[in-house]
Each structure stands twice: as structure tokens, then as C-alpha cells.
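The values are calculated or read from the model by the stated rules, or taken from the named source; none is laboratory data. Since we're looking at a predicted model, the values are computed, not measured. Because the Cβ atoms are built from the backbone with ideal geometry, glycine has one as well, and the counts that use them run over all protein chains shown.
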Amino acid sequence: MQSEIHSSSSLSRRDTLRLTFGTLLAACLPGIAQAIPTRSIRPAAILNAIASQLPLIPRSSWDRTPPNRARLSSAGRYSRITVHHEGTSPFYATSHTYVARELRTILGSHRARRYGDIAYHLVLDYTGRVWEARSLSYEGAHVLSNNSGNIGILLLGNFERQLPSSAQIAALDELCRVLRSSCGIPRSRIYGHRDLSPSVCPGRQLYPYVSQLRHT
């Protein structure tokens, strides 16, 4: 992860023209415009799709402080998923209170590093519940120089030192399936952090499951 001031590159002139043209055409000729890719996303629709398949805990249930939007970059079309582990101490907590406290600790750490918000979009706890983190309206800040179009999923725990729970693995499988379907992400573009940047993340006990999601 890195300071968000430099976390993403600006759109190229070609991308800007494509976005503008696609948006105008969508308004005038919607039947034709469907064939032209744009960079628009629908965060609410993605969250609704997740909630229809998995227990989803909204951001408002664990944190109500607004992000620093001046330090965030608007998201474009999502085209990949990257899986992380927390990587500090092993974490087995299952109660809403303890998990919410852990997320606030992570958020505080990221704010201290001048991030606009918590770095990840979605978090999986030991029971397999999905916690809404950073809004999908904004790019994450979870892989150095690789946040564009990249949904960040964090599993709580240190999977160098513990095993992920069966509930976490099942939820990760289902969450990736929903995100792939909602965003049109190919299976081949599911990554562990170590695939995109020098890191042990998401840990040797979790990475084989991530690799399996990509290849199976």
C-alpha cells in the first residue's frame, strides 16, 4: 500500500474521449451504446448482489466518520480482484463488537498514514461475514501502483500463522463469484497480493485457495 496522493494514474486522453463518447451515445442511442465499454460502475447494485448471497454488514454499522474524499480517486470499471490477509496477529474473533473494533483499528492505522479511508473495499471475518469497508465508488489503496480497476478483499487473520476458517474460504469463493458476475471480471484476474507486488500476503495458508479460485 502507499500514500493515496500517488496511488493511481490519471486517465489517458484516449480513455477520457472514450468515456465521454460512450456516455453521450448511451443517452442518445442506448441500444447501440451497450456494445461500447465505459468506465461506469454501480456500487449499490454490486452490494445488493453480494447481500443476496452472503451476510453483508454495512459500513455504517461499524464506522460513521466520513472519508477524506480529497485523498480518494474515483473508481472506473473494475476488472480484477486482489485478496489480502491482515497479517498482524492471528485473529479468531466472531462477535460483531470485536470485529468492528478490529476494523476501526485498521482504519485508524490507514488514516495515520494519510490514506483517505481504509484501504480495502470488502472484509471477511472468521465467520464468513462480509463487511463493507471503502466504498466501491473509490479506488482502493491496497497494492502499490496496482489499484486501478482493482477490488481489494481483506480476510482478517494472519495466514502465515493460522489457517483460514472453512467459513472464510466458502465466503471468499462466493464473494469472488458474485463480483465476477456483477463486474464482468475474468476468473484469471483473481490475484493474491503477492502476485502483483513483493509480499508474503495473503499468507502461505491462504494463497493456495486464491490460486485455486484463479485456475479452477
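Would you pick out the residues in the stretch 64-81 that are within 14 Å of residue 135 (Cα to Cα) and either touching a helix residue (DSSP H, G or I) at 6+ places or on another chain (Cβ under 6 Å) or buried (at least 17 other Cβ atoms within 10 Å of the Cβ) (or both)?
Selection gives 67, 71, 72, 73, 75, 76, 78.
Only one of these is touching a His at 6+ places or on another chain (Cβ under 9 Å) and of a type outside the set (S, T, N, Q): 201, 176, 183. Name it.
None of the other options fit; the residue is 201.
Yes or no: residue 61 without any contact (Cβ under 8 Å) to a residue 40 or more places away in the chain and either at positive phi or small (Gly, Ala, Ser) (or both)?
Criteria met by residue 61.
Among the numbered criteria (1) out of contact with any Phe, Trp or Tyr (no Cβ under 8 Å at 6 or more places or on another chain); (2) at pLDDT below 95; (3) within 30 Å of residue 160 (Cβ to Cβ), which single criterion is violated by residue 50?
(2)
If I ask for residues that are within 18 Å of residue 193 (Cα to Cα), assigned to a loop (DSSP other than H, G, I, E, B), free of Cβ contacts under 8 Å to residues at least 60 places away in the same chain and more than 8 Å from the chain's Cα centre (by Cα), which ones from the stretch 102-124 would you list?
Within the stretch 102-124, 118 is the sole residue that qualifies.
Only one residue in 203, 140 is touching a residue at least 60 places away in the same chain (Cβ under 8 Å) and touching a strand residue (DSSP E or B) at 6+ places or on another chain (Cβ under 6 Å), so which one is that?
203
Which of the residues belonging to the stretch 178-195 are within 15 Å of the chain's Cα centre (by Cα) and over 19 Å from residue 77 (Cα atoms)?
Result: 192, 193.
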